[in-house]
Amino acid sequence: MNEGFDRFAALSLITTHDDHNAFDAVVPPIVQTSLFTFATYDEMIAAYRGEIVRPVYSRGLNPTVRAFEEMLAKLEGAEDALGFASGMGAISATVLTFIKPGDRIVAVRNVYPDAYRLFGTILKRMQIDVTYVDGRDLAAVDKALPGAKLIYLESPTSWVMEAHDVGALAALAKRHGALSVIDNSWASPAFQRPLGLGVDLVLHSASKYLSGHSDVVAGVVAGPKQLVDRIRGESLPYLGAKLSPFDAWLLVRGMRTLTIRMKAHESSALEIARRLATLDIVATVNHPGLGNSLPPGLDGTSGLFSFSFREGIDIRAFCDHLKIFKLGVSWGGHESLIVPGEVVLAQKAMPNSAHEFGLDPRSVRLHIGLEGTEALWTDLQAAIDVATID
Ligand SMILES: *Cc1c(COP(=O)(O)O)cnc(C)c1O
C-alpha cells in the first residue's frame, strides 16, 4: 500500500464545514444561494476593497464549493484548487490562462477527444499550434519542447491507455521552461499525485471517479496558489464555468468513498482484463496493469480500459447481449459501461481524434463498475458466446 493511500483514507473522513453556521451537522450544508448580503455599507465596501474575504456572489466564492476545493487540494497535495462546472470548463480556463496567440503547445497523443477538439477549433483560431507526441517516447518529447509554452499531459491516455513516466515528462518541461498541465481523471489522486512528480497543474473531470455516482458533471484544477490564483482571477470569472453548490456537495459526499471505490474498480478491472487477454477471440487488451510494471508514480489502476476483438465476433450482437454492462459514454461511477470503437468512429463532430489517431474499429472500451467481478465476467462470456460467428 503506498503512502498516498493511507494519507487519503484519513483525509476522506474529514468533515469540512463552518461549525458556526452548520448547527454541528456532520455533513456540511449546501449553501444554495446566488448572492450574500451585507449588514452595512462599511462591510460591503471593505469586501469590495478586498480588506475582508467573504462570499459576495456565488460565481466568485461559495462556501460549499470551497469545501470541495479544499478537500481536493488536500488529496492532490496542492496549495489550492478551483472547481468548475465541467472537466472541459477546467481544461479550457486553465489552458486559456497561460497561452496567447502565436504560442505553441505540446500535447501527448490520444488526449481526451474534446480537449483535442478545443485545441483544433478555438485554439487554432487563435493561431496556437499544437504538436502531438507519443508521451512514452521521451526523446521525441524532448525534441518537440523547445519554444513550447505549455505541455498538456494525460496518463494513461484516453481509450488506448498509453501510460507515461509523468515525473520524467515534468522534468523535461521544466528544462525547456514549459508549463506542465496533466489530466488526472483516470487514476484519481488515490493512485497518482502528479504535483509530487513535478507537474505544475493537475486537473480532473470530477464527473468521473471524484463523483463516483454518475450524478454530477464537474471539473477541478489544483496546484500552487500563484498559478491557481491566475486562473481564478484571469479566466474563471469571465469564461464563467463555475461549479454549483449542489454539485460541490455531491462531490464532497462522493469523495469520502474514493479509496474503497478505487480499490474495487482496480481489482475487478485487472481480473477481467487478464481473463480477456487469455481468449483466442481477443487480439489486444489496453490496460496499463497488464505489463511488467506500472510507470513510476502510478500506484494503481482504475476501472477503465479497452480491448480489440479479432474477426469472428459480431460486435453489435456482443453489445446488445450484455445485460449488466450498459452502452454509454462517461465512466467512473458505480455502473459498468461499454463503448464500441465503431460508434466513436461514426461520430460527426470534427476534428475527430478517433480518426486522427487510428482508433481500432474492432476495439471496445469497458468501464468496470462495482457489480462484482464474477457477475461481470459471466455477462461478458455469455455475450461473447452469442456473438461468436461460426
Ligand atoms: C470526461 C473527461 C473529460 C471532460 O470532462 P467533463 O466533466 O465531461 O467536461 C476530460 N478528461 C477526461 C480524461 C475525461 O474522461
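The values are calculated or read from the model by the stated rules, or taken from the named source; none is laboratory data. Values in this document were obtained by computation on a predicted structure and should not be read as measured data. Virtual Cβ from ideal backbone geometry, glycine too; neighbours counted across all protein chains shown. All accessible areas refer to the heavy atoms of the entire protein, side chains included, with ligands and DNA or RNA removed. Shrake-Rupley method; radii C 1.70, N 1.55, O 1.52, S 1.80 Å.
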Worksheet, complete the sentence: The residue from ARG66, ARG136 that alone is in a helix (DSSP H, G or I), open to solvent by 10 Å² or more (accessible area, probe 1.4 Å), of a type outside the set (A, V, I, L, M, F, W, C) and on the phi < 0 side of the Ramachandran plot is ARG66
Practice prompt. Output the residue which, of all residues in region 191-216 that are open to solvent by 30 Å² or more (accessible area, probe 1.4 Å) and within 16 Å of the ligand (Cβ to nearest atom), is farthest from PRO156 (Cα to Cα).
Written response: ASP215
Worksheet, complete the sentence: Counted residues in region 163-189 being in contact (Cβ under 8 Å) with a residue 24 or more places away in the chain, part of a loop (DSSP other than H, G, I, E, B) and either away from the ligand (no atom under 14 Å from the Cβ) or open to solvent by less than 20 Å² (accessible area, probe 1.4 Å) (or both) come to 8
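Rundown of residues vs (1) within 15 Å of the chain's Cα centre (by Cα); (2) aliphatic (A, V, I, L, M); (3) away from the ligand (no atom under 16 Å from the Cβ), yes/no style:
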| residue | (1), (2), (3) |
| --- | --- |
| ALA218 | yes, yes, no |
| TYR238 | no, no, yes |
| ALA241 | no, yes, no |
| GLU266 | no, no, yes |
| LEU276 | no, yes, yes |
| ASP280 | no, no, yes |
Worksheet item: Mind checking which pairs have a first residue in region 77-97 that is more than 16 Å from ALA107 (Cβ to Cβ) and part of a helix (DSSP H, G or I) and a second that is more than 8 Å from the ligand (Cβ to nearest atom) and of a type in the set (S, T, N, Q), Cβ under 6 Å, 6 or more apart or different chains?
Response: ALA93/SER235; THR97/SER235
Worksheet, complete the sentence: Matching residues in region 89-124 (within 12 Å of the ligand (Cβ to nearest atom) and open to solvent by 50 Å² or more (accessible area, probe 1.4 Å)) number 2
Practice prompt. Restrict the check to region 309-329 and report whether at least one residue is closer than 26 Å to SER207 by Cα and within 16 Å of the ligand (Cβ to nearest atom).
Written response: yes
Worksheet, complete the sentence: Subset of region 353-368, residues in a loop (DSSP other than H, G, I, E, B) and more than 16 Å from the ligand (Cβ to nearest atom), comes to GLY358, ASP360, PRO361, ARG362
Fill in: Residues located in region 327-342, provided they are open to solvent by 60 Å² or more (accessible area, probe 1.4 Å), under 22 Å from the mean Cα position of the chain (by Cα) and more than 20 Å from LEU210 (Cα to Cα)
LEU327
Discussion item. Residues that are in a helix (DSSP H, G or I) and open to solvent by less than 20 Å² (accessible area, probe 1.4 Å): does region 39-55 have at least one?
Written reply: yes
